[in-house]
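Note sheet for the following structure.
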Amino acid sequence: MNHKEEQNNELEALESIYCGELEVLSRDSPVKFQIPVKSEEYDAEEGSGYACTLKFTYTERYPEDPPEIEIEDMEHFGDDDEVRLKDHLLEQAEIVMGEVMIFTLVSAAQEWLSTNWDNAKRSQDEERDRKIREEEDAERKRFEGTLVNPETFFAWKAKFDAEFAHLKVLKEKDTGKLTGRQMFMNDSTLVQSDLKFLEDSEDSKPFDDDNIKVEVDEDLFKDIEELDIGEENFSDSE
């Protein structure tokens, strides 16, 4: 195989295929050239898609040996994307070893960039959707509160009743006053006094207007002269 002739023929064909894109860096041995590649959705202004430049150098025995491959001018690549892409291209070179392969490698690179961009975009969209769902769930829970079922209701009611009873005891201690029930529970004479009152009422005589005697406490009127009562208060109404 005439390696030099194979290389020259391929380079001539590549310049025709990638007219305006392929840039020859050296036509002397070793021949060097570079070709830019992009993913299908690449857009420099919007900052979307993958892009890079593949630099090829013909080895002395190319195409029986693979070319040297360098990846430059990478856009939006992840940390390990350069290594992954180069490994992929070397695997493709092994498959077609012995045949001119630059067109095959460039096509493989474009397909790899498009596929991995789609995967990266899908992951970004899924992550964005996940965050949106989490925010929506948190907002919904904030308004919904805790769902109630029989178990949670009775647990809440038991706690509420216990707290209410405790507060009631504290209030009674703070006021220092006994409730009616507590008074009767603590002093049984109150019950007897009520009974005595009922008995006295039954034995009392009927009410007699002629026998009414009213006792007046004169002390209540000692200071009546000191009251400032205007004469107009006692004027006869016409």
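The values are calculated or read from the model by the stated rules, or taken from the named source; none is laboratory data. Just so you know, these numbers come straight off a predicted model, no measurement behind them. A quick note on method: Cβ atoms are made from the backbone with ideal geometry, for glycine too, and the neighbour counts reach across all protein chains shown. The area values use the complete protein model at the heavy-atom level, side chains included, leaving out ligands, DNA and RNA. Shrake-Rupley method; radii C 1.70, N 1.55, O 1.52, S 1.80 Å.
Exposure check, 1.4 Å probe, all protein chains in place: Ser16 carries approximately 90 Å² of accessible surface. Shown for the range 80-127: the carbon plus sulfur share of the solvent-accessible area, taken with all protein chains present and a 1.4 angstrom probe, equals 47%. Electrostatic tally near Met97: other residues with Cβ closer than 10 Å to its Cβ, Lys and Arg +1, Asp and Glu -1, net -4.
Can you figure out the FRET efficiency of Thr59 with Lys86, using R₀ = 22 Å and their beta-carbon distance, to the nearest 0.05? Display every interim value, and only then the final one.
Numbers: r = 16 Å, r/R0 = 0.72.
Using R0 = 22 Å, I get an efficiency of 0.90.
Protein-only accessible surface at a 1.4 angstrom probe places the residues Met101, Met74 in the order Met74, Met101, largest first. Shape summary of the range 3-120, radius of gyration then Dmax from alpha carbon positions: 14.2, 44 Å. Summarising the label geometry, the points placed 7 Å from Cα in the beta-carbon direction at Cys19 and Lys131 lie 4.7 nm from one another.
Packing-wise, with mean Cβ within 10 Å as the measure, how do 76-89, 26-39 rank, highest first? Mind showing how you got there, number by number?
Working: 76-89: 14.5, 26-39: 16.3.
Per-residue Cβ counts within 10 Å, averaged per peptide and sorted highest first, yield 26-39, 76-89.
In the context of the full set of protein chains, residues of the range 3-120 present 55 Å² of accessible surface per residue (probe radius 1.4 Å, heavy atoms only).
Taking all protein chains together and rolling a 1.4 Å probe, Ile132 ends up with roughly 70 Å² accessible.
Measure up Lys4/Lys55; Lys4/Lys32; Lys4/Lys86 against 21 Å on the Cα-Cα distance and list the ones that go over. Over 21 Å Cα-Cα: Lys4/Lys86. Comparing Cα centroids, the range 83-137 and the range 18-64 end up 17 angstrom apart. Placing +1 on the Cβ of every Lys and Arg and -1 on the Cβ of every Asp and Glu, with no other charges, gives the range 1-89 a dipole of roughly 420 debye about its Cα centre. With the simple spin-label model, which puts each label point 7 Å out from Cα in the Cβ direction, the Glu163 to Ala44 separation comes to 6.6 nm. Per-atom-type breakdown for the range 1-55 gives carbon and sulfur 39% of the accessible area (1.4 Å probe, protein chains only).
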